[in-house]
Amino acid sequence: MIEGPAEGPRVRSSVRLFLCGDVMTGRGIDQVLAHPGDPELREAYVRDARTYVALAEQASGPVPRPVDPAWPWGDALRVLDAAGPDVRVINLETAVTRSDDFARKGINYRMEPANLACVAAARPDICVLANNHVLDFGLAGLEETLEVLDRAGIGTVGAGLDAEEAWRPAALPLPGGGRLLVVAAALASSGVPPSWAATDDRPGVAFLAEPSTDAAAQVVARVQEGARPGDIVLASIHVGANWGHDVGRAVRRFAHALVEGGVDVVHGHSSHHPRPIEVHRGRLILYGCGDLINDYEGITGHEDYRGDLRLLYLPTLDVGTGALTDLRMVALRSERLRLVRAGEHDTGWLATTLDDHSRPLGVRVGLTRDGELAVSWREGVPVPPDLG
């Protein structure tokens, strides 16, 4: 929370956010929408994006074509309408472009710009672009992505035509007064090459080489430049590998330094499954939200992590302080390239798994009577010393 004098009484005492992990609307998802783009891929084993549709159909059943733009979101839209979040923030891990300038990286995601209604169906206020796929189709692909989203009235953070734009926080008005400031950055550990870093004269992403206290100070400094008294601050960070629940000392220290510098929510993503949750000095830290939308159905490997299960994160913050007052999560499952409400068994599995891995950080995860996941917490769990 950016400190400052009170600005008068607020009509509302709390604000609810919708946060999620990676939203990948390219490749197989793009192929089932109304305006499928060029299906060419240059992967080691798959050369046509329609192969991923076929894999999903083998796993879950037929996918109609073309689907409505809202199809991939499925039950998530109904849940969001009922929850009524004040601000919606997603990590859009797909270039929205017709560029065919394939980055030499093995996996490239793009969505045909005419299919942008699929992204817009969730009514995001901000698309985070600081990730390891936004430059999959070169600078031209990034520039078109920025242009298409801007034309649609969807805000972006974490990438831009130069470093100033990539690092510039987005300021979103909150009901009853005040603003939510959103800043985003991507770390090398998430697969972002240093050459993707935006510079004074080159487009790119807001890039950090490692999760250090100096890196956290760099993020905080960007926020402080335009902060006003009473602003709530969210730092959206693409960090870490795709699989595994271990957070690591350096990442915890980095997240703690962000909070201690004035960040109220650390919104971590990059992992394909949910990672542990922590509350530090009353502020929420999500170390990895997991994927939300993708075309991974039917792809084998890492089944123990249950990558088919997804979460909608709905934190409630105190408007006056930015502190976390409540966190609810709704479990979904990917089926036929569409999100459906997860059943009791799957929801329980997610709650138990998150509880097991968050408990050492002082957070417990359980189920509510209506089948949502909820958290309770104690604070003061120290970061273990680096014995190396």
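The values are calculated or read from the model by the stated rules, or taken from the named source; none is laboratory data. What you see is a predicted model; the values in this text were computed from it and never measured. So basically every Cβ, Gly included, is an ideal-geometry build from the backbone, and we count neighbours across all protein chains shown. For accessibility, only protein heavy atoms count, side chains too; no ligands or nucleic acids. Shrake-Rupley method; radii C 1.70, N 1.55, O 1.52, S 1.80 Å.
Observations on the model:
- Of all residues in segment 8-31, none satisfies being over 30 Å from Leu258 (Cα atoms), open to solvent by 40 Å² or more (accessible area, probe 1.4 Å) and modelled with pLDDT of 95 or more.
- In segment 52-78, the residues that are surrounded by fewer than 19 Cβ atoms within 10 Å (Cβ to Cβ) and either assigned to a helix (DSSP H, G or I) or among the β-branched types (Val, Ile, Thr) (or both): Ala54, Leu55, Glu57, Gln58, Ala59, Ser60, Val67, Asp75, Leu77, Arg78
- Sub-8 Å Cβ pairs linking a first residue in segment 147-162 that is closer than 20 Å to Arg202 by Cα and β-branched (Val, Ile, Thr) to a second residue that is modelled with pLDDT of 95 or more and open to solvent by 50 Å² or more (accessible area, probe 1.4 Å), at least 6 apart or interchain, are Thr156/Asp150; Val157/Arg168, ordered by first then second residue.
- Within segment 260-302, the only residue that satisfies the criterion of being surrounded by fewer than 24 Cβ atoms within 10 Å (Cβ to Cβ), hydroxyl-bearing (Ser, Thr, Tyr) and within 23 Å of Asp75 (Cα to Cα) is Tyr296.
- Selection within segment 310-368 - open to solvent by 30 Å² or more (accessible area, probe 1.4 Å), touching a residue at least 40 places away in the same chain (Cβ under 8 Å) and not in a helix (DSSP H, G or I): Asp318, Gly320, Thr321, Thr325, Asp326, Arg328, Glu335, Arg336, Arg338, Arg341, Thr368
- Gly288 free of Cβ contacts under 8 Å to residues at least 40 places away in the same chain and not in a strand (DSSP E or B): no
- Selection within segment 32-45 - part of a loop (DSSP other than H, G, I, E, B) and open to solvent by 20 Å² or more (accessible area, probe 1.4 Å): Ala34, His35, Pro36, Asp38, Pro39, Arg42, Ala44, Tyr45
- Candidate set from segment 213-260 (those that are over 21 Å from the mean Cα position of the chain (by Cα) and among the small types (Gly, Ala, Ser)); member that is modelled with the lowest pLDDT: Gly226
- Residue in segment 233-243 that is open to solvent by 20 Å² or more (accessible area, probe 1.4 Å) and either over 14 Å from Ser189 (Cα atoms) or of a type in the set (Lys, Arg) (or both) present: no
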